[in-house]
Amino acid sequence: MPATSAEASILVVDDEPSVARVIAAMASGLGYHVEIEETVERAIARIEEAPFDAVLADLYIGSGSGIDIVKRMQALKPDLPIVVITGQAAVSTALEAIREGAYDYLPKPCTREQIGNVLRGAVERKRLTDEVPHLEQAARGHRLEEVVGTSPRMLEVFKTVARVAATRSTVLITGESGTGKEQVARALHFNSPRARARFVPFNVMAIPELLLESELFGHLKGAFTGAYASRRGLLLEADGGTLFMDEVGDLPLALQAKLLRVLQERRFRPVGGDTEVEVDLRLVLATHRNLEEMVRQGRFREDLYYRLNVIAVHLPPLRERVEDIEALAEHFLRKLAGEIGLPPQRFSPEALDLLKSWSWPGNVRELENVVERAVALTHHPIITPDCLPSQLRAGPAEPACAPGPFATVNEVVWGHVQRVLQQLGGNQTRAARVLGISRRTLHRWLKDGSTHIGA
């Protein structure tokens, strides 16, 4: 739980004692413990000694500056939020400080309300960052390797997983395709009392609609044409453990009613059966759809929606957590290089810039595919832009280059798919309509990271 302002420690750095005292008085009045230093050197020495939660530093301090503190802290304490205070005429320099790593800037003179707002955000950011190691450890288990990130929104995901993993509550995970919903579901299972039982993943879109009921609930021998033997079904396979149902928004209305009964009573009737079967499992469900909108349209049962939406975890798209891209790319690089026995590799700064500038319509899954391609293309210790796909090298304004003269049909189609997704902001439903394919086909292509055009 974040500390209160009375427990947070702030350092004010300004070479004008009267200004420093005014700022310190306003911060103290908000309940913060405040110290003052008048030079960059003494401020850095004090920061190295004491665990401050945030720093308020004037942009110009004698012969030094708040930017000097920012640069030094990027090496020593990169998680310490530093707020630069500047006159309105120097806002452009303040923005330079933010590019160097400053948390924010305040205009001079600043009000008590402005100081309060920025300090609340800075202190909360510091506390969330400090919680990363034990939150990741609590949520990680041995099956959360792919969920990487220190952005505030991912920290909230880690916190939720850590808090609810031990419960039996149903969890709804939302987010675009490729954001890592199954990895979060695995974390919930493998950090729960059910970890020794089975984790059963099930994608609604991967099963033809006519077979969904039998696949999920099982059937008795002779229940329908072709049922030559009885089948237990995925609910019973997950008995004692966790059933992860991905793309629950695509479940037909008739099966939504049966799923609701399972959630309410933990019992169901197999296809062709006369008696109900009891089951003890945890249900974790996921979707990239807006279920609330589907309820309004009559395409999703309202009672089921409210039953699912007790504990919700939302995974943001990768384009909204750009600060996690470098860590994710390096994680995949270590993983993939290790799998094929290569020595450690790293990305060049230019390659990292390209990764950060791409919008990633396929999200984390697409990033992993790009890294795998780069590893396959070079055994050199440095991965350069030449190892990345052409659409990334084209930059955000031109999301995909024209295919080369000897490109395969699949490469041409895949490049066009990426261009359409880029232009439509990653909206898969609209992209499928423009491409003239079913959304199920597009989903499969994105999952696999390529198209499947037969010869």
Kindly provide the pair-distance distribution of segment 261-395 built from C-alpha pairs, with 10 Å bins from 0 and whole-percent values in order of increasing distance. 10, 29, 20, 16, 17, 7, 1
So if I place +1 on the C-beta of Lys and Arg and -1 on the C-beta of Asp and Glu, and nothing else carries charge, what would the dipole magnitude of segment 144-207 be about its Cα centre? I want it in debye, nearest 20. 360
PRE reach from A206 (point 7 Å along Cα→Cβ): which of segment 214-245 fall under 14 Å by backbone N? 215-216, 234, 243-245
Taking the Cβ of F202 as the centre, find all other residues whose Cβ is under 10 Å away and add up their charges (Lys, Arg: +1; Asp, Glu: -1). -4
Based on the Cβ-Cβ distance of T170 and K335, what FRET efficiency does E = 1/(1 + (r/R0)^6) give at R0 = 41 Å, to the nearest 0.05? 0.85
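Starting from the exponent 0.38 and prefactor 2.2 Å, build the expected Rg for segment 250-306 from its residue count and divide its actual Cα Rg by it.
This ratio for segment 250-306 stands at 1.24.
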The simple spin-label model distance between N309 and A229, using points 7 Å out along Cα→Cβ, in nm, is 4.3
Once amide H atoms are placed 1.01 Å from N in the peptide plane, what residues at a sequence separation of 5 or more from I173, or on another chain, have their amide H within under 5 Å of its amide H? L285, A286, T287, V313
Contour excess over end-to-end distance, with Cα ends at D79 and A327 and 0.36 nm allotted per residue: 87.8 nm
Within 14 Å, Cβ to Cβ, of L377, how many net charges do the neighbouring residues add up to if Lys/Arg are +1 and Asp/Glu are -1? 0
With unit charges on the beta carbons (Lys and Arg positive, Asp and Glu negative) and the dipole taken about the Cα centre of segment 161-295, which residue among L188, L283, A166 sits farthest to the positive side? A166
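If R₀ is 35 angstrom, what is the calculated FRET efficiency for the pair R267 and R127, using the beta carbon separation as r and rounding to 0.05? Each step should come with its number before you reach the end.
Numbers: r = 44 Å, r/R0 = 1.26.
It comes out at approximately 0.20.
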Full-extension gain between L260 and R319, please, as 0.36 nm times their residue separation minus the C-alpha to C-alpha distance. 17.8 nm
Given the C-alpha centroids of segment 201-271 and segment 334-397, what is the distance between them in whole angstrom? 39
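Just so you know, all these numbers are worked out from the coordinates, no wet-lab data involved. The model shown is predicted, which means the values in this text are computed figures rather than measured ones. Cβ: placed from backbone, ideal geometry, glycine included. Neighbour counts: every protein chain shown.
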